[in-house]
């Protein structure tokens, strides 16, 4: 099914996301000592139905990007890959009270809705990515990590800079059943010619694959750094490029601090952009 809208309908959808971004903004005075990542956190209407964007995208508090799910395709996901540019970040605008701001780009398996109504979010999530952090004084930090929920993130020993081109992949390399599935994680910084690979054991549900720009969490969703545009490319799963559309696979973000993650349509080889906005609609061009 195709869902689309424009003009007044798109404006109403943008207003709905803005309302979600402004709702229940807790005070967040000091930067947290550490941060992690979380399964998808969908927004809902008062009747319990899922909030949807202008092209029927799922609206969430912490994710923007694309996902493919077992409930859509019947597939178990044992491999995923992507490439992205480490988008440079600047501080603000924000409704928070002085906290650092963050933007995480990653590829992962799990953590998405377990059914079409998102009656549950998969608690398993194995992922690897990069994080851009900016302090109120404008100081920036860029880093790489992997995470296997519910464990905290683990640093990947690569030196990451703004505008670095990253490729990352994860794959179950043995018997992908039970609680001791062997996963190989790889990341390459094509700009600096650094590479990293590591094999871990994890019990994944295998229920989804996703390519995400995220507002990380630490006792709640953290403020999203102003990254302007986060470009992704070659979003693949299970050895191919799955067919993705805004209506069926798109995810928009309206965080608690007035910050919004918009999404472009997918381009060739599943390239797409995530675009930052604050209290307003921002067009997000297709790559």
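The values are calculated or read from the model by the stated rules, or taken from the named source; none is laboratory data. These numbers were taken from a predicted model, which means no experiment stands behind them. Cβ sites come from the backbone with ideal geometry, for glycine too, and all protein chains shown count toward neighbours.
Of all the listed residues (103, 116, 64, 80), the sole one being over 20 Å from residue 215 (Cα atoms), modelled with pLDDT of 95 or more and in a strand (DSSP E or B) is 80. Counting the residues of segment 37-48 that are touching a residue at least 40 places away in the same chain (Cβ under 8 Å) and not in a strand (DSSP E or B) gives 6.
Look at (1) in contact with a strand residue (DSSP E or B) (Cβ under 6 Å, 6 or more places away or on another chain); (2) surrounded by fewer than 20 Cβ atoms within 10 Å (Cβ to Cβ) and you find that residue 260 fails only one, number (2).
Among the residues of segment 170-181 satisfying the criterion of being touching a residue at least 40 places away in the same chain (Cβ under 8 Å) and either touching a helix residue (DSSP H, G or I) at 6+ places or on another chain (Cβ under 8 Å) or in a strand (DSSP E or B) (or both), which is nearest to residue 147 (Cα to Cα)? My answer is 170.
The one condition from (1) over 22 Å from residue 70 (Cα atoms); (2) buried (at least 23 other Cβ atoms within 10 Å of the Cβ) that residue 237 does not meet is (1).
So that you can scan it fast, the table gives a plain yes or no per residue for (1) in contact with a strand residue (DSSP E or B) (Cβ under 9 Å, 6 or more places away or on another chain); (2) closer than 20 Å to residue 155 by Cα; (3) in a loop (DSSP other than H, G, I, E, B):
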site: 195; (1), (2), (3): yes, yes, no
site: 206; (1), (2), (3): yes, no, yes
site: 212; (1), (2), (3): yes, yes, no
site: 252; (1), (2), (3): yes, no, no
site: 275; (1), (2), (3): yes, no, no
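Residue check: is residue 280 touching a helix residue (DSSP H, G or I) at 6+ places or on another chain (Cβ under 9 Å), in a strand (DSSP E or B) and surrounded by fewer than 24 Cβ atoms within 10 Å (Cβ to Cβ)? No: the conditions fail for residue 280. For the condition touching a residue at least 40 places away in the same chain (Cβ under 8 Å) and surrounded by fewer than 20 Cβ atoms within 10 Å (Cβ to Cβ), what is the one hit in 115, 100? Of the residues listed, the single one that is touching a residue at least 40 places away in the same chain (Cβ under 8 Å) and surrounded by fewer than 20 Cβ atoms within 10 Å (Cβ to Cβ) is 115.
Checked against (1) under 15 Å from residue 63 (Cα atoms); (2) surrounded by 20 or more Cβ atoms within 10 Å (Cβ to Cβ), residue 229 passes all but condition (2). Taking segment 119-134 as the search range and keeping residues that are outside any strand (DSSP E or B) and touching a strand residue (DSSP E or B) at 6+ places or on another chain (Cβ under 6 Å), which one is surrounded by the most Cβ atoms within 10 Å (Cβ to Cβ)? Top of the filtered list is 122. Taking (1) at pLDDT 95 or above; (2) farther than 22 Å from residue 86 by Cα in turn, residue 195 satisfies each apart from (2). Candidates 199, 191, 184, 167: the one that is assigned to a loop (DSSP other than H, G, I, E, B) and surrounded by fewer than 19 Cβ atoms within 10 Å (Cβ to Cβ) is 191. Close Cβ contacts (under 8 Å, 6 or more residues apart or on different chains) running from residues in segment 212-241 that are at positive phi and in contact (Cβ under 8 Å) with a residue 40 or more places away in the chain to residues that are surrounded by fewer than 18 Cβ atoms within 10 Å (Cβ to Cβ) and assigned to a strand (DSSP E or B) comprise 234/167. Residues in segment 135-149 that are assigned to a loop (DSSP other than H, G, I, E, B) and in contact with a strand residue (DSSP E or B) (Cβ under 9 Å, 6 or more places away or on another chain) were compared, and the one that is nearest to residue 214 (Cα to Cα) is 149. Looking across segment 150-164, the residues that are in contact with a strand residue (DSSP E or B) (Cβ under 8 Å, 6 or more places away or on another chain) and either over 22 Å from residue 96 (Cβ atoms) or surrounded by fewer than 17 Cβ atoms within 10 Å (Cβ to Cβ) (or both) come down to 152, 154, 155, 156, 157, 158, 159, 160, 161, 162, 163, 164.
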